[in-house]
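Below: one structure, written as structure tokens.
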Amino acid sequence: MAPILHFNATQQDFYGGNFWDMRATGARLQSAAAEQSQGPPTNPVEMGLPDTACVAYRLSRGNYATLFVKVCGPSLQSIQWPADAEKTCSTPVGRNSVGPQLSLSTEDRNRANAVYDQFALAIAAYEASPGVNAFSSKFDAFLAGQATLTAQEQHGYALFNGHAQCNTCHLSGNANGATGGTVADAAPLFTDFTSSNLGLPKNLDLPFYHENKPDQHGFVANPQGLAFVDLGVGAFLSGSQGTPVPDQSWIQLAPQFDGKVQVPTLRNVDLRPYPGFVKSYMHNGYLKSLKEVVHFYNTRDAKCPTANDPNVKKTC
Ligand code: HEC
């Protein structure tokens, strides 16, 4: 699990948080994973619920409502839902993030907020469980001395830790927040929880770059169109994104983190639902295979004919 976002004054670097821009800091719920899980339910391009209280409403109608109450207490059961709750919660939020809100008493609103936090902490607990992270790969067996690498795997491992320097960011040692506890603490997570700017090109296949015209509700998602630049961690730290920055002294550091993106784990990075499934790598999905990823790292510092070379996937 990612640590709660913090600034290390010696390293002059941020560690932890979730999302490419680290904005799920974990400061409020003391869990970055829990705060990340609170993003999708009301995100207009993900689950699109109009109100976070709709999550509590759906939970109260779900098969496991009784189990939830058993673990988290009676708040969920005591909420008085308005008669139009089902209708309201079935109305997707617009791209301007405005949708109908459930009409709740102050007490019930507080209960629904508490349930939303409990729901998030439950997801984080599940994500941290062996059911999601089994740490049962061949690599784990190799570290435990129970498997041997083929010559090619051995070669890749040496390159990763040696000449290619991948493990300077994607730590392959047992150094990730080891607390001497579970296997998950001891096994390498292939991230150092910092951020870097790799110089990745924009992915113009993302619809967002083309949403510079009003939609049917008159909402313009991206007034800058193709000129939009994703400042990543810097954008979050600047406080301009609507996500609260937990420590005001961080705001002045924002420009130093412009363009930086969190180093993701490389665990299960080649896992896919079926062999022919095409994956998208990097936060913007620009690269489509591990071969492209390696080729990008191999050639990204080479001089290309144009800035932001569209042929970066080829040798230049
Ligand atoms: C300077 C730190 C750094 C180094 C060195 C580095 N990476 Fe990364 N890596 C990152 C960051 C940051 C990202 C995320 C970039 C993004 O999302 O745009 C990333 C993303 C990736 C991804 C995509 C993961 C995903 O789920 O999309 C792969 C695969 C990867 N790196 C492999 C490597 C390999 C192989 C090497 C060595 C050749 C390497 N990295 C060296 C920082 C680094």
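The values are calculated or read from the model by the stated rules, or taken from the named source; none is laboratory data. Predicted model only: the values in this text are computed from it and were never measured. Cβ atoms come from the backbone with ideal geometry, glycine included; neighbour counts cover every protein chain shown. SASA here: full protein model, heavy atoms, side chains in, ligands and nucleic acids out. Shrake-Rupley method; radii C 1.70, N 1.55, O 1.52, S 1.80 Å.
Taking 7 Å steps out from each Cα toward its Cβ at Arg272 and Asn197 produces label points 3.2 nm apart.
The angle between the Cα long axis of helix 290-299 and the longest principal axis of the Cα atoms of the chain comes to about 60 degrees, rounded to the nearest 10. What the Cα convex hull of segment 189-260 gives, in volume per residue, is 146 Å³. Calculate how steeply helix 106-127 sits against the longest principal axis of the alpha-carbon atoms of the chain, using the helix alpha-carbon long axis, and give the answer as 0 to 90 degrees to the nearest 10. Between the helix axis and the principal axis of the chain, the angle is about 30 degrees. Counting only protein heavy atoms and a probe of 1.4 Å, the accessible surface of segment 40-127 is 54% carbon and sulfur. Across the options Gln152, Val55, Pro246, the greatest Cα extent toward the positive end of the charge dipole of the chain (unit charges at beta carbon of Lys, Arg, Asp, Glu) belongs to Gln152. Other residues with beta-carbon under 13 Å from the beta-carbon of Tyr116 carry, at +1 per Lys or Arg and -1 per Asp or Glu, a net charge of 0. Entry for the chain at q = 0.11 Å⁻¹: log10 I(q)/I(0) = -0.87, Debye formula applied to identical alpha-carbon scatterers, no solvent contribution. On full extension, the segment bounded by Asn43 and Gln224 gains 63.1 nm, given 0.36 nm per residue less the C-alpha separation. Calculated on C-alpha atoms, the gyration radius of segment 1-118 divided by its Kirkwood radius gives an Rg/Rh of 1.05. If you keep only loop residues by DSSP, which trypsin sites (Lys or Arg not before Pro) in segment 72-140 have at most 16 other Cβ atoms within 10 Å of their Cβ? Filter output for segment 72-140: Arg95.
Principal axis analysis of the Cα atoms in segment 231-278 yields extents of 46, 19, 16 Å, listed in decreasing size. Based on protein heavy atoms only, segment 40-127 ends up with 56 Å² per residue of surface accessible to a 1.4 Å probe. Computed from Cα positions, the angle between helix 151-161 and the longest principal axis of the chain comes to roughly 70 degrees. When the helices of the chain are scored as -39500 (n - 2.57) per DSSP H run of n ≥ 4 and the total is divided over every residue, the value at 222 nm lands at -7500 deg cm²/dmol.
Among 113-121, 97-105, sorting by the average number of other beta carbon atoms lying within 10 angstrom of each residue, highest first, gives 113-121, 97-105.
Bridges between two residues of the chain, per DSSP, are antiparallel at a rate of about 90%.
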